[in-house]
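Asker: The structure's right below; bear with me while I get my questions together.
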Amino acid sequence: MNEQASVTLDDVRRVAELANLELTAEEEPRMQRDLNAILGHIDQLNELDTSGVPAMAQVSEMLGDTVLDRGEALRMDEVRPSLDRAEVLSAAPETDGRFFKVPKVIER
């Protein structure tokens, strides 16, 4: 792995802050080591020659109309009506008439 791609302790602290994680002083260097190991593995993968491998957005594009191992075929996507908003909201414990209202669970 090249030196410029290594994760610093400041990087670990910033990512932990963004993820709302509280890492102890003992966990920070371990997380730094783990993240650098992951980046090292990615660097190894980047060394592979994939020029002969066609780009693919979805696995289903490769399967097409084929039948899977268990006998089922992939269904075609089709537009169907969604649930009625008023009916769904009427079953909710609390709404503002347009959206579900839920209690706040993350404190900063």
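Asker: Sorting Met56, Met76 on the 10 Å Cβ count, fewest up front, what's the list? Walk me through the numbers on the way to the answer.
Answerer: Numbers: Met56 9, Met76 6.
Neighbour counts put them in this order, fewest first: Met76, Met56.
Asker: A follow-up question, please. Amide H to amide H under 5 Å from Thr95: which residues, 5+ apart in sequence or cross-chain, H placed 1.01 Å off N in plane?
Answerer: Residues meeting the amide H criterion: Lys101.
Asker: With viscosity set to 1.306 mPa s at 10 °C, what whole-number translational diffusion coefficient in µm²/s follows for the range 3-46 from Stokes-Einstein and a Kirkwood radius over Cα pairs? Spell out each step's value before the answer.
Answerer: Working: Rh = 10.9 Å.
D = 146 µm²/s.
Values in this text are rule-based calculations from the coordinates and carry no lab data. All values reported here derive from a predicted model rather than from experimental measurement. Please note: Cβ atoms are built from the backbone with ideal geometry, for glycine as well, and neighbour counts cover all protein chains shown.
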